[in-house]
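The values are calculated or read from the model by the stated rules, or taken from the named source; none is laboratory data. Remember, it's a predicted structure, so these values are computed and weren't measured experimentally. Ideal geometry is used to build each Cβ from the backbone, glycine not excepted, and the neighbour counts take in all protein chains shown. For accessibility, only protein heavy atoms count, side chains too; no ligands or nucleic acids. Shrake-Rupley method; radii C 1.70, N 1.55, O 1.52, S 1.80 Å.
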Amino acid sequence: MTDKLSKGEAGSAGTSCGVGACTNSSSAIPNVESKSNMFQKQMSISKIGNFGAHNNTCTGSKTDEIEVIESGNCQPRHPKSSAIGWVCCAPCIWLRTSATVHKIALTAATLLVTSLLVASPILFLISTAPSQLPRDCYSDNDDCMPTIQPPPECIDQTCRLAASSIQSRMDWNMKPCKEFRGFSCSHDSDSSLRILRSAQETVDIQMQQLLEHNTTIGPYRKLGRLYGSCLRQKINSTTINKLLDQLGGYLPIGALGPSNLSSLLGKIYEMGPIPLLDIYYDLSSNRRRQVLLIISGPSTSAPILEGKLRWMGPRAPFHKIKDMVPKLLSGLLDSFLPNGLSYDHKMSEKESITNFIAEFNKIRIENTKKGFWDSSLISNVTVLQEHHPFLNWSILIPCNWTGQIVVRNPIYLNALQELINKYPTRVAHNSILLLFALGILPQSNPSPVICTRATMWALPEISASLFVAQHSQDNIDDVVKRTGIVFDALKAHLKRAPSLKGAALVKLSQLKIQSKLWPGFYNLTAMIKQLESYEISSDDWFNNVIKIYKRTKNISTDDIDWQLNVHEVWAYPTVAKVFYDALSHSIVVPLSVMLVPYFNIKTPPYLQYASVGVALGKEILRSITKSFDDKAMRCVPSSVNVFSNYSRMDILIHSGGMQISYHSMLSLTGPIKGMARLPGLDLTPTQIFFLVSAQELCAESDYTGINTDTDDFGNILVWLIAQGGSAADVFKCPHGSIVNAQKTCNIF
């Protein structure tokens, strides 16, 4: 910095026109006279003839064209002979004062010296002898680059744990440019070091500990009782068989099925969740203050058992089903089918019911959408019956309902009608009964992890209040504030994207974030009062959920407070999934996502952007466009099918979220200067960004049951890393490597 300042001062002096300073700093002739003498000589020249009249000392003249006269040899000694002296000395003055002549002389001298060096072998060898690089340079091929002082190392315990967790999932023997999955997501490491898990796994582990140790006594004891009943639940339970018999029971081969399934669905609607569709009241689905009756796809596989009146409260993200054939179906069929059936008949029944359920789940995956852009507004039940006559809607719709009806996805209802017409009503009846039971049972065989998830599903508000109570208000406020900062940084970067124009730019400008907690989670008195109102036994999960459903179903629309802000959307803190809410036009962030260790205030920004930043970037991209269908088909490899609950669009959005987060991180401090290094991890911040992004996806996929050891998963992972920024440059991958070859699709 000192050298730069001294050079700047010299340059300023060379161009100044102050008194006695009309000299070019590039001149090679030393100035040995005082400033006063120089000023006198300049004045004497300016008095000679008309020369001085047109050349006022320095005014209006360029410094590189006028040189200071060093001596008075050309100055006339006698005034009488001034004209003669001027004629004699004019060539001298021009030669000695012309900068052009001076530059020509210097250039000629330089060419002469250069020619001598090349011509002389001895001088040439001496001139090309290797020399030691300056201490502030390092060699990069043929360039001399300035040495950058490495940033400080983060010595906090959080950084040490992060570094240990990252290394525990790595395999240093693998080359990232050749095998990125093996390099970043190794399974041969010590699992005890894997401290940092996926967000959902982290919250499930914490909730399991709370249910096992903090609910035996005290206000949450009934929540612990519900958890215990899940652990004791059996598929061949007497309660399940009794309830299914009340609904009509098994219809054997040769029996005449019902003419219409509406009666069965009506009975189920009074008892529990309907497996084929969902009917509920919603105030928040319309900007006008009115209650709408919504008909949508079934919500039994959602992570939250929602009530029938939905408004002004936390909302669960859309949840796609993972398995075409539920894990408990085989065992439930053994209990459901009569013992007297022959082997062939039993296998035939199992096949027909399994096929019906698999096709039904496929329809749900393909046609059920969370948004309202494909909805149909229907004025009354009569019009609804004309559009979708395969069900008797007067049985399902409350008889006193006179308001408007919204069909969330008419295409889904049309596909459902085709499925029911394809199979005998007897098979459809038996399949619907089993779908009803599967919707209430835990998602798999009872275990502490499965029953923890099931308990959070059955009583989501009360489970969330128990989870929130374990965290200080200061910590919650801190992560909420930091999430807003990251969100603003992502938006600011996207606004500068040249391809973002028109409606997308307007949407981005108006986009908000909602990461605050629903105030109801802090109302412990109201939560405990609600919990005490339930009748929960310690050994009958199925019956417990039926009772909970009946309580949440019987809520009057007269209880609505119309003064509330109905478009405010909160997240359930225990469901670790960021989602976009179209009505409020906001990104909704649950607390469990913000509490991951990578998002700690003491960790470097690249860890925060690789975790929460990527999740936010995905939903921001989803909010400003409906789809990238053409680009998804062109860019995303066919191996995406390994993700049973992902689509091509989801993978493309994931890559876009990585791009947004990566470039937003770079814009913070340019080339990531000043970001603290992780102890013991010899990797750059940008390398760690891609490494952590990959490990986050691997951890999430592992926990949801996706096999991450397959080649298909490896192909998708390296494709995502290649699209997500400049991974090929960051890891210095040679031309032709798989990371370079996969760089095929920029989301923008």
Discussion item. Between Phe318 and Asp650, what is the label-point separation in nm under the 7 Å Cα-to-beta-carbon projection?
Written reply: 1.1
Worksheet entry | Those residues of region 306-331 whose amide nitrogen sits under 11 Å from the label point placed on Lys553, 7 Å along Cα→Cβ | 308
Worksheet item: If you stretched the chain out fully between Asp245 and Ser379, how much longer would it get, using 0.36 nm times the residue separation minus the C-alpha to C-alpha distance?
Response: 44.6 nm
Worksheet item: Taking only protein heavy atoms and a 1.4 Å probe, what accessible area per residue, in Å², does region 392-503 have with all protein chains in place?
Response: 39
Fill in: Added length on full extension, which subtracts the Cα-Cα distance from 0.36 nm per residue, Ile601 to Trp401
66.8 nm
Practice prompt. When a/c is below 1.5 the answer is rounded, else prolate if a/b is larger than b/c, else oblate, so apply that to region 679-734 with a ≥ b ≥ c taken from the square roots of the Cα gyration tensor eigenvalues.
Written response: oblate
Practice prompt. Using a cut-off of 13 Å between beta-carbons, work out the net charge of the residues near Lys495 (Lys and Arg +1, Asp and Glu -1, Lys495 not included).
Written response: +3
Worksheet entry | Cα shape, region 403-558, gyration tensor, a/c 1.5 rule | oblate
Worksheet item: Taking the Cβ-Cβ separation of Tyr343 and Arg232 as r and a Förster radius of 25 Å, what is the calculated FRET efficiency to the nearest 0.05?
Response: 0.20
Discussion item. Please list, in order along region 383-399, the HN-Hα scalar couplings obtained from phi with the Karplus expression 6.51 cos²θ - 1.76 cosθ + 1.60 (θ = phi - 60°), rounded to whole Hz, x for Gly and Pro.
Written reply: 5, 4, 5, 5, 7, 9, x, 6, 10, 8, 6, 5, 7, 8, 7, x, 5
Practice prompt. Calculate, in nm to one decimal, what Lys178 and Ser638 gain on full extension: separation in residues at 0.36 nm each, minus their alpha carbon distance.
Written response: 163.6 nm
Response to the item:
On the formula 1/(1 + (r/R0)^6), with r taken between the Cβ atoms of Ile155 and Asp539 and R0 of 60 Å, the FRET efficiency rounded to 0.05 is 0.70
Discussion item. What does the net charge come to around Pro446 if you take all other residues with beta carbon closer than 10 Å to its beta carbon, with K and R at +1 and D and E at -1?
Written reply: +2
Worksheet item: Taking the Cα centre of region 441-588 as the origin and placing charges on Cβ (Lys, Arg +1; Asp, Glu -1), which of Asn523, Phe487, Pro498 is farthest toward the positive end of the dipole?
Response: Pro498
Worksheet entry | Pairs beyond 18 Å (Cα-Cα), from Lys491/Lys618; Lys242/Lys350; Lys267/Lys553; Lys267/Lys547; Lys362/Lys618; Lys327/Lys547 | Lys242/Lys350; Lys362/Lys618; Lys327/Lys547
Worksheet item: According to the square roots a ≥ b ≥ c of the eigenvalues of the Cα gyration tensor, what is the shape class of region 375-481, taking rounded for a/c under 1.5, prolate for a/b larger than b/c otherwise, and oblate for the remainder?
Response: oblate
Discussion item. Can you give the FRET efficiency to the nearest 0.05 for Ser394 and Asn475, using r as the Cβ-Cβ distance and R₀ = 45 Å?
Written reply: 0.30
Fill in: Cut-off 11 Å between beta-carbons: net charge of the residues surrounding Arg160, Lys and Arg +1, Asp and Glu -1
-1
